[in-house]
Amino acid sequence: YAVRGLEGVKRITAKTLLNYIKAELEDKVDAGFFPLLERKLTDGECILFFDGLDEVSDAGKKREAIKKTVEAFAGRYPDCRYVVTSRTYAYQQQNWQIKDFSVTQLAPFSEAQINFFIEQWYQTIGLIQKLDKDTWQMHANSLQQAIRNRPRLKELAERPLLLTLMSALHAGRSGKLPDNRVMLYKETVDLLLDRWQRRILRKEE
């Protein structure tokens, strides 16, 4: 929306976003969808997610327009639910905050949640790779122990996204993990690029 929905728009209203949604979905849904959507919006039966408020390109120029869009849409359809995501440091700035929206911050994972995530991660890998329970459980225990014994890793693992990267790296690199965030990112990017390259080569074959 921030990239394409604001082009040529001089006055922001609820219709601005609705028109953008219609344009985006026009060739993906049948004609009866839009009257249904407007009825559901009016009846307050929709949940709308606006993801990455702080990631808007050219934010200095677009910030006010984005805020007005969300506020206008919420004003037009007040019975719907709205979720706007942003990194904490950005939303603390007054000029980013959206009127009449309550603020909730995601809590870090507890140790029990970290362990549960890893357990489910490796159980899923076990199913995909047809590993027996002892094997995938051993890998899960290895990652759990590494995080438990290394405070820097534990701090990173409290964030779901970083724990996901950590788990992917642990599974892809034979149980070895870097001890700091920079190297974690670097090695994860290397791993993903390697996977993507392999997929491209397979397609070309």
Candidate aspartates and glutamates for bridging to Lys62, where Cα separation is under 14 Å - those fewer than 8 sequence places away on the same chain excluded: Glu7, Asp54
Descending Cα extents along the principal axes, segment 115-183, whole Å: 32, 19, 18
Approximate spin-label separation Arg76-Lys186, in nm, with each point projected 7 Å along Cα-to-Cβ: 4.9
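Can you give the accessible area per residue of the chain, in Å², using a 1.4 Å probe?
69
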Nearest-ten-degree value, helix 14-25 long axis tilted from longest Cα axis of the chain: 60
16 Å Cα-Cα reach of Lys176 towards lysines, excluding residues that sit fewer than 8 places from it in its own chain: Lys154, Lys186
Listed residues Ile147, Leu192, Gly52: farthest to the positive end of the dipole of segment 49-205 (Cβ charges): Leu192
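Tell me, what is the FRET efficiency for Phe116 and Arg159 to the nearest 0.05, using R0 = 22 angstrom and their Cβ-Cβ distance as r?
0.90
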Values of log10 I(q)/I(0), in the order q = 0.25 Å⁻¹, for segment 83-137 under a Debye, Cα-only, solvent-free model: -0.94
Between 0 and 90°, nearest 10: helix 181-204 axis offset from the chain longest Cα axis: 80
Other-chain or far-sequence residues with amide H under 5 Å of Tyr82's (modelled H): Leu48
The chain - percent relative contact order, Cα under 8 Å, separation 6 or more: 15
Angle between the chain longest axis and helix 33-42 axis [Cα atoms, degrees, rounded to 10]: 80
Choice from Val182, Val56, Val84 with maximal GNM fluctuation in the chain (Cα, 10 Å cutoff): Val182
Cα-based Rg / Dmax (Å) for segment 15-58: 12.5, 36
Cα-based shape type of segment 15-127, given that a ≥ b ≥ c are square roots of the gyration tensor eigenvalues and the cut on a/c is 1.5: oblate
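The values are calculated or read from the model by the stated rules, or taken from the named source; none is laboratory data. Here the structure is a predicted model, which means the values were calculated and not measured. Reconstructed Cβ throughout: ideal geometry from the backbone, glycine too, with neighbour counts over all protein chains shown. Side chains are part of the model used for accessible areas, which takes the heavy atoms of the whole protein and leaves out ligands, DNA and RNA. Shrake-Rupley method; radii C 1.70, N 1.55, O 1.52, S 1.80 Å.
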